[in-house]
1. How many residues does segment 195-232 hold that are at pLDDT 95 or above, assigned to a helix (DSSP H, G or I), within 17 Å of residue 53 (Cα to Cα) and touching a Gly at 6+ places or on another chain (Cβ under 8 Å)?
2. Of all residues in segment 297-307, which are of a type in the set (A, V, I, L, M) and surrounded by fewer than 23 Cβ atoms within 10 Å (Cβ to Cβ)?
3. Are there any strands (runs of 3 or more DSSP E) wholly within segment 236-353 with 3 or more residues that are more than 24 Å from residue 96 (Cα to Cα) and modelled with pLDDT under 90, and if so which?
4. I'd like to know if segment 65-75 contains one or more residues that are surrounded by fewer than 18 Cβ atoms within 10 Å (Cβ to Cβ) and of a type in the set (A, V, I, L, M, F, W, C).
5. Across segment 36-60, what is the total count of residues that are farther than 15 Å from residue 230 by Cα and among the small types (Gly, Ala, Ser)?
6. Applying the selection to segment 72-131, what residues are of a type in the set (A, V, I, L, M, F, W, C), part of a strand (DSSP E or B) and modelled with pLDDT of 95 or more?
7. So for segment 33-40 (the condition being over 24 Å from residue 221 (Cβ atoms) and crowded, with 21+ Cβ neighbours inside 10 Å), does at least one residue qualify?
8. Name the residue that is surrounded by the most Cβ atoms within 10 Å (Cβ to Cβ), counting only residues in segment 237-268 that are touching a residue at least 24 places away in the same chain (Cβ under 8 Å) and over 24 Å from the mean Cα position of the chain (by Cα).
Amino acid sequence: MNGTPLSVGTLVAEPGTKARGTVRADLGTLTADIPLTLVNGTRPGPRVVITAGVHGGEFPPIDAVVRLADALEPTEVHGQVIICPVANPPAVYRGRLNVSPVDGVNLNRVFPGDPAGGPTERLAAWLFANLIDGADVYIDLHCGGIDQVLRDFVGYRLTGDPDLDKATAELAGSFGIEDVILGLAPEGGNSHAAAARRGISAVLVEVGQLGQRDEATALRRVDGLLKALRHLGVLDQDGSAPAPIRSWVWSAGVTAEATGLWYPEFSFDADVIGEVAEGDLLGRIVDPTDGTEHTVHAPADGRIFYGMHGLTVAPGTELAALAIPWDPDTAARADTLRAPGLGAGSDEADPRP
């Protein structure tokens, strides 16, 4: 029998109960009310934390975790589940972008945060201290934002700890998503990277694109989360076999070097975003004043996993991210790969601003 209360701030769920509410986070110059659902099972098991809404404009993950919170029954749960559907209220409710309208900072670049820093750094510190740091497993849900096409994938970071890496690889393969992308190291300010450095089995799950909310995508994502919870033993197994996966590693990120209008050569259909070879034309940036064109070419071979759909871009805007099939020999030589994430979009790569 699980006899331990589950609490975050003033919100408490006794064993065998579910509690829903908000907990106030002090961000220095302002506060944020963080919505939470605590599901405290009746039997022992892991503590799993699931977050969505780290970025604005990413609606399918929020929809999915609210549906999951409604569906989970404490009597069926082994262990404890904490669900946070809106981890970044300023960006979700007042913005529609990756950066917060409060201070222009991308929350998923500053974990584990700074309790004495700016508002977004304080928010990262609050989320890490109150939710992530106490977890056995951490799942951070994202999708292609309002200006981004994206192929579904799961990402995680290699830590060098064989047991942790094995557990996380198995978790990444449990969602029923075919493509799994490995980050070569756990450095940086992404939430799942910071969790991995703390010894937590942590994954990033990207399902959906263009911020589009539709029931089919939300239900597909709920189904994936239920599969993962069964894999973890939080829910009883249903006898289904894990789906086959393909493993990838990032090969390059492409960012804009000019201000203008972006005309990509690749398809806007995430299902047919294809392979490119080094030197292939990815698109053109056109100066709206005089029509000057800046061509953009692939810096490496790879499959495009996400790309810029928006028309207007500025220097540093992320235009595309490429990955190649996993080859442990090549991937061990980090200097041969140029990871994406140098711009505003990526959550599974180099987190430099």
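The values are calculated or read from the model by the stated rules, or taken from the named source; none is laboratory data. Note that the structure is a prediction, hence the values are computed from the model and not measured. Cβ sites come from the backbone with ideal geometry, for glycine too, and all protein chains shown count toward neighbours. To get the accessible areas, we keep the full protein, side chains included, count just its heavy atoms, and leave off ligands, DNA and RNA. Shrake-Rupley method; radii C 1.70, N 1.55, O 1.52, S 1.80 Å.
1. Result for segment 195-232: 0.
2. From segment 297-307, those of a type in the set (A, V, I, L, M) are 298, 300, 304; that's our starting set.
Selection gives 298, 300.
3. On the way: elements: 246-255, 260-264, 281-286, 293-297, 302-308, 318-325.
It comes to none.
4. Keep residues of segment 65-75 that are surrounded by fewer than 18 Cβ atoms within 10 Å (Cβ to Cβ), which gives 67, 70-71, 73, 75.
Cutting the leftovers down to of a type in the set (A, V, I, L, M, F, W, C) gives us 71.
Within segment 65-75, one or more residues are surrounded by fewer than 18 Cβ atoms within 10 Å (Cβ to Cβ) and of a type in the set (A, V, I, L, M, F, W, C).
5. Total satisfying the criteria: 4.
6. As a first pass, look at segment 72-131 and keep what is of a type in the set (A, V, I, L, M, F, W, C): 72, 77, 81-84, 86-87, 91-92, 97, 99, 102, 105, 107, 110-111, 116, 123-129, 131.
Applying the additional criterion that residues be part of a strand (DSSP E or B) yields 81-84, 99.
Listed by number, the residues that qualify are 81, 82, 83, 84.
7. First pass over segment 33-40, keeping only residues over 24 Å from residue 221 (Cβ atoms): 33.
Next cut, crowded, with 21+ Cβ neighbours inside 10 Å only: none.
No: zero hits.
8. 262
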